[in-house]
Amino acid sequence: TQLQSAYDYYHVQIYLVEEETGNLILAGGTGEPGAIMLARKHNLPKGRGLVGRAAGQNTSVLIPDVSRDEGWLPNTLLPETKSEAAVPVAFGGKVLGVLDVQQNKVDGLTVADVELLQSVASQSAISLQNARSFEEARTRAELESLVNVIGQNIQRAATVEETLQTAARELGGALHAARVRINLGRTNGDN
């Protein structure tokens with residue numbers, strides 16, 4: 001919203017790359033069109049449209065007149081779009097998302113706009129990467145703590161049977177499993 005109002009852009013939106021599929025999921029958009037698209041869980045298949053092109057090639061795409069671009073995908077919620085710039089949000093060569101800006105006049109976006117957007121995208125990439133790194137570290141710490149607690153509970157067991165019961169109970173709780181079963185058996189070669 002700040003970017004839109006500061007530079008009088010028609011529409012600004014940001015997509016994030018879904019790691020499993022590579023598709024681009026709308027994470028934010030300005031105004032009523034942005035709210036509607038977010039509510040609809042708007043997304044783009046990888047490689048589609050200008051946003052997909054920017055993500056796929058990890059390079060900025062500037063289209064001064066969208067009516068002259070074969071790859072441009074019109075959006076009925078943004079009928080006044082005449083020019084568009086899509087800038088990858090990338091960190092270390094990995095595309096995390098795309099910053100997309102649309103203007104309501106032909107030649108309404110210039111190389112200077114793309115340079116500004118690249119600066120914003122670079123700052124966004126650092127923030128996104130930091131947030132992801134923090135989340136991964138938090139998840140890893142929680143897992144290590146859980147493994148430590150389970151290990152301590154198993155060590156308190158006095159018998160083999162109690163050890164196995166404790167292990168099954170603790171693992172079942174950690175995995176949210178309705179039922180955990182431990183089978184101990186001998187194979188044909190065991191005595």
Original post:
Considering only protein heavy atoms, what is the solvent-accessible area of Phe134 at a probe of 1.4 Å, reported in Å² to the nearest 10?
Top reply: 140
Original post:
Considering the alpha-carbon set of the chain alone, what are its Rg and its Dmax in angstrom?
Top reply: 25.3, 84
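Could you order Ile154, Ile182 by accessible surface area, starting with the largest, using a probe radius of 1.4 Å? Walk me through the numbers on the way to the answer.
Details: Ile154 50, Ile182 75 Å².
Greatest to least solvent exposure: Ile182, Ile154.
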Original post:
How much accessible area does Ser67 have with a 1.4 Å probe, in Å² rounded to the nearest 10?
Top reply: 100
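How do His11, His176, His42 stack up against each other in accessible area, from largest to smallest, with a 1.4 angstrom probe?
His176, His42, His11
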Original post:
Comparing Leu99, Leu164, Leu62, which has the greatest mean-square fluctuation in the GNM of the chain with Cα pairs linked when under 10 Å apart?
Top reply: Leu164
Subject >> region 47-162, relative contact order [Cα under 8 Å, separation at least 6], % >> reply: 22
Subject >> Cα gyration tensor, region 27-93 - rounded (a/c under 1.5), prolate or oblate >> reply: oblate
Subject >> Residue of Gly93, Gly71, Gly34 that the Gaussian network model of the chain assigns the largest fluctuation, springs spanning Cα pairs under 10 Å >> reply: Gly93
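The values are calculated or read from the model by the stated rules, or taken from the named source; none is laboratory data. Just so it is clear, the model here is predicted, and its values are computed rather than measured. In case anyone asks, the SASA skips ligands and DNA or RNA and just uses the protein heavy atoms, side chains included. Shrake-Rupley method; radii C 1.70, N 1.55, O 1.52, S 1.80 Å.
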